[in-house]
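Structure first, commentary second.
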Amino acid sequence: MKGIAHYAIGLAVASCFPETVRQAAAGNPWPMLAGGFFGLLPDLLDFKVIRFLAPRQVQIIPDPLEPDMRMVAEGLALAMREAQKRRKPLTVQLHSMRLGPDKWQPYEIRLVAAGGIEARLLPDATTEGSFLRKQDVETHTPLFVPLDFPLVIGYEARIHVASFEGPTLLLTPLGERGVQVDFLPWHRCWSHSLGLAALSGILAALGGSLRLGLIAFFALAAHVLSDQLGFLGCAVRWPFRRQRDPGFQRFHAHDPFANTAAVWLALLVLFWNLVRSASPPLPISGPRLFFWAGFIPLFLLSLLRRRLLPFPSRRSVVR
């Protein structure tokens with residue numbers, strides 16, 4: 001989920017407490033805004049703190065003037081062999097290639113589960129990802145480097161390296177099973193857990209009130225559970241289990257339809273809680289509101305999504 005979706009969900013969670021709505025109407029919006037803050041907190045921790053502290057033992061930095069995909073593929077293969085040799089995990093960062101203020105040279109890595117790495121250049125693109133040249137993305141010939149062991153792909157088989165900071169991969173040796181490749185190992189770990197949600201709730205209750213503690217817990221837990229619907233998964237059971245649990249694979253974090261649906265539903269919950277807390281309460285039927293303004297639009301949105309954007313599949317990952 002994008003930040004705006006998590007923020008809206010956090011506000012909706014806070015609005016479920018009538019006293020919070022009454023305080024906001026009386027000029028004290030802080031308990032309500034606390035829901036939005038705790039709804040954003042996991043991603044704030046990841047992208048503003050944790051990613052800068054995460055180790056990167058191997059750096060693969062291609063030359064933007066003379067991009068060499070063989071160097072990229074063989075460098076990643078060498079790191080995998082080194083992880084197998086040491087029998088210890090290695091963290092690799094694939095750096096992007098900047099060509100100008102708003103011009104990048106993107107490339108793509110495809111992991112082959114049977115044992116291999118394929119790398120190819122993509123057309124020049126802007127920071128937003130729009131290709132600058134009117135050519136098919138398949139025109140660049142891919143370069144394949146075979147491996148003598150299989151790969152266990154923890155996220156997706158295709159890794160797109162475009163703009164800004166390139167992605168980080170965790171290579172974990174599995175003996176005869178090969179090497180497991182995990183995407184962004186610093187993301188959605190302890191920061192995306194029900195354990196942190198409980199800890200945040202306790203601290204907020206001690207520093208504020210029981211209601212604030214409940215808002216903190218449920219807003220952060222809603223962030224974790226909504227992200228668990230995606231592909232990457234979260235370390236939901238931390239501190240009892242440090243590894244990320246597999247996601248439910250319903251949508252990607254950047255899926256515009258899923259984010260739109262989440263924001264719409266959160267705003268609908270927020271509106272309903274404002275209606276209920278009005279003095280006197282407005283004569284609006286809750287079941288009718290959520291049916292006509294919730295279920296029907298989301299149903300139509302899902303039909304539109306299936307027509308315009310096929311359901312994401314992991315077939316390319318397991319083959």
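Across the range 248-266, the residues whose backbone nitrogen lies under 16 Å from the label position 7 Å along the beta-carbon direction of residue 295 are 265.
What order do you get for 155-162, 44-51 when each peptide is scored by the mean count of other beta carbon atoms within 10 Å, highest first?
Values: 155-162: 18.2, 44-51: 14.4.
Going by the mean number of other Cβ atoms within 10 Å, highest first, we get 155-162, 44-51.
Compared with the direct C-alpha span, the chain from residue 274 to residue 245 gains 6.9 nm at full extension, assuming 0.36 nm per residue.
Comparing the chain with the 2.2 N^0.38 Å rule of thumb, its C-alpha radius of gyration ratio is 1.15 (two decimals). Note on the range 58-183: antiparallel DSSP beta bridges, both residues inside, total approximately 80 percent of the bridges counted. Per-residue 3J(HN,Hα) values for the range 110-120, derived from phi via the Karplus relation 6.51 cos²θ - 1.76 cosθ + 1.60 with θ = phi - 60°, read 10, 8, 9, 4, 5, x, x, 10, 10, 10, 8 Hz in sequence order (x marks Gly and Pro).
Put a dot 7 Å past the Cα of residue 285, heading toward its Cβ, do the same for residue 61, and the two dots end up 6.6 nm apart.
Note that the range 176-319 shows a convex hull volume over its alpha carbon atoms of 137 Å³ per residue.
Given their separation in residues at 0.36 nm each and the Cα-Cα distance between them, residue 303 and residue 45 gain 89.4 nm when the chain is fully extended. Span-like helix check, the chain: qualifying full DSSP H segments, with Cα axial length of 30 Å or more and mean Kyte-Doolittle of 0.0 or more, are 256-277.
Close lysine pairs were tallied over the chain: pairs 8 or more places apart or on different chains with Cα atoms under 25 Å apart number 4. Expressed to the nearest 5 percent, the antiparallel share of DSSP beta bridges inside the chain is 80 percent. Comparing 260, 275, 168 along the charge dipole axis of the range 126-278, the residue lying farthest to the positive side is 275, per the Cβ-charge model. Hydrodynamic estimate: the Kirkwood radius of the range 133-218 over Cα pairs, inserted into Stokes-Einstein at 10 °C and 1.306 mPa s, corresponds to D of 92 µm²/s.
The slack in the chain from residue 176 to residue 28, taken as 0.36 nm per residue of separation less the alpha-carbon distance, amounts to 47.3 nm. Quarter the surface of the alpha carbon convex hull of the range 58-183 and you get the mean projected area, 7.2 square nanometres.
Values quoted throughout were computed directly from the atomic coordinates according to the rules given, and no laboratory measurement underlies them. Everything quoted here is computed from the prediction, not taken from an experiment. Virtual Cβ from ideal backbone geometry, glycine too; neighbours counted across all protein chains shown.
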